[in-house]
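The values are calculated or read from the model by the stated rules, or taken from the named source; none is laboratory data. Worth saying up front: this structure is predicted, and the values here are computed from it rather than measured. Glycine also receives a Cβ, built like all others from the backbone with ideal geometry; neighbour counts cover every protein chain displayed. Each accessible area value is taken on the protein alone, full model and side chains, heavy atoms only, with ligands, DNA and RNA left out. Shrake-Rupley method; radii C 1.70, N 1.55, O 1.52, S 1.80 Å.
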Amino acid sequence: MSTDTSPSTELPTFEIRPTDTPTPDAERDALTAAPKFGTVFTDHMARVSWSDGTGWHDRRVERYGPLQLDPATAVLHYGQEIFEGLKAYPHADGSVWTFRPWANAARLARSAHRLALPVLSEADFLGAITALVATDRAWVPTGDEASLYLRPFMYASEAFLGVRPTLEAEFLVIASPVGPYFAGGVKPVSIWVDDEFHRAGPGGTGDAKCGGNYAASLLPQRQAAAQGYDQVCFLDAATNTLLEELGGMNVFVVRADGTVATPELTGSILEGVTRSSILQLARDAGHGVEERRIPLAEVLTGLADGSITEVFACGTAAVITPIGRLAGRGWEHTVADGEPGALTSRLRTELTDIQYGRAADRHGWMHRLV
Ligand SMILES: *Cc1c(COP(=O)(O)O)cnc(C)c1O
């Protein structure tokens, strides 16, 4: 991913319309102490409106609250919606930073193009997250591996049942304080490799970050959970033989010789910012790095003969999740004795050290928000 650029110097102005009922300090402190992922939201949200004639307008930060939607609003019928996910990290000196936001802005623009939604500029994307985090700075948690999760999203807001790209859209950013993803230490997860359902197919929307991809992953996820597995890994829809990714995380395998491999981007795999950062960190550390087609059969052979030693998943929310058990129809393997693998753990520490300002940001990935 070569989308990192220097931060725009001029950000558009967002009008701040503060809530007249802010959460009292004591209540906010209690809410941000140990929140469960995605359950607590800050007092405000950033918002920009779009219409076909006017373009993007009305940049503001306003009170967090329910959206009133006409029942005919297009997104409710045809799913024209995209989103992003990134975090604001507290640093020891009290400043607040985010990680490669230019990559998220660029990905949102690509997703918008694919879903026939209007493209939002990088400046508006950065302007929105900056204005929101500055307004709700007191909500940034400071505990170990705590952060403010930012969820930018865009939807078709026109009330019209005709099937065509919307003529009105809303872009919002909401913010949610989150504690460490693995409370009590990183714990490997179990994965069911599904050979029945796919989340995306050739020419579909797999490489766009859209809600519809997640909708397609929920039934297989529920079925796997009922069998005792934490998550699903999907295979490619064309041949049903190649490793693709999880419902919301990319996947990597580590070989005994230290080589790190992840499925190449084929159009049906989402290009994760964490994925590309891990590829870079592995390269920096002198590991062989491969982006290529990875047949499931190769993984099974490698796990059986010991030439594949670690498997992990990655994404912004959990950073790196070790995979301790991998199973599919008629087979099952324990990976790395069910413990976090050595390289998996090292990469996770390296990345979080950069994000929390404990290690040098040698690639210029960090961007100060406040
Ligand atoms: C968001 C997402 C990822 C991870 O992307 P990051 O930018 O690393 O958070 C991976 N796969 C899918 C399907 C996703 O939606």
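Dividing the alpha-carbon radius of gyration of the chain by 2.2 N^0.38 Å (N being the number of residues), what value is obtained?
Relative to the rule-of-thumb radius for its length, the chain sits at 1.00.
Residues in region 90-119, backbone N under 13 Å from the label point at ARG368 (7 Å along the Cα-to-beta-carbon vector): list them, ranges by number please.
91-98
Could you check how much of the accessible area of the chain is carbon and sulfur, as a whole percent, using a 1.4 Å probe?
Taking all protein chains in place, the chain shows 52 percent carbon and sulfur surface.
For the chain, with every protein chain kept in place, what is the accessible area per residue (1.4 Å probe, Å²)?
42
Give me a comma-separated list of calculated 3J(HN,Hα) values for region 73-83, in order, Karplus coefficients 6.51, -1.76, 1.60 applied at θ = phi - 60°, integers in Hz, x for any Gly or Pro.
4, 4, 4, 6, 10, 10, x, 7, 8, 9, 8
Residue separation times 0.36 nm, minus the C-alpha to C-alpha distance between ALA72 and ASP20: what's the value?
Additional length available on full extension: 15.6 nm.
Give me, ordered by chain and number, the residues 5 or more places off GLU245 or on other chains with an amide H under 5 Å from its own placed amide H.
Here PHE234 satisfy the definition.
Just to check I understand the Karplus step: with θ = phi - 60° and J = 6.51 cos²θ - 1.76 cosθ + 1.60, what whole-Hz values come out for region 250-267, glycine and proline as x?
Result, ordered by residue: 7, 10, 10, 10, 10, 8, 4, 7, x, 5, 10, 10, 9, x, 5, 7, 10, x Hz.
In deg cm²/dmol, rounded to 500, what helix-only [θ] at 222 nm does the chain give when every DSSP H run of at least 4 residues adds -39500 (n - 2.57) and the total is split over its residues?
Rounded to the nearest 500, the figure is -8000 deg cm²/dmol.
So how far apart, in nm, are the two label points at ASP361 and VAL119 if each is 7 Å from Cα heading toward Cβ?
Those two pseudo-labels are separated by 2.6 nm.
Using modelled amide H (1.01 Å from N, peptide plane; none on Pro or chain starts), what sits under 5 Å from the amide H of ILE323, excluding residues fewer than 5 places away?
The list, which skips near neighbours in sequence, is VAL189, VAL311, PHE312, ALA313.
Helix 296-305 against the longest principal axis of the chain: what's the angle in degrees, Cα atoms only, rounded to the nearest 10?
Tilt of helix 296-305: around 50 degrees.
Using the Karplus curve 6.51 cos²θ - 1.76 cosθ + 1.60 with θ = phi - 60°, work out ³J(HN,Hα) for each residue of region 201-207 in order, rounded to whole Hz, and write x for Gly and Pro.
x, x, x, x, 10, x, 8
Give me, ordered by chain and number, the residues 5 or more places off PHE37 or on other chains with an amide H under 5 Å from its own placed amide H.
none
With +1 on each Lys and Arg Cβ and -1 on each Asp and Glu Cβ, and nothing else charged, work out how big the dipole of the chain is about its Cα centre, in Debye to the nearest 20.
60
What nm value, rounded to one decimal, do you get for the distance between ALA238 and HIS91 when each label is placed 7 Å out toward the C-beta?
4.4
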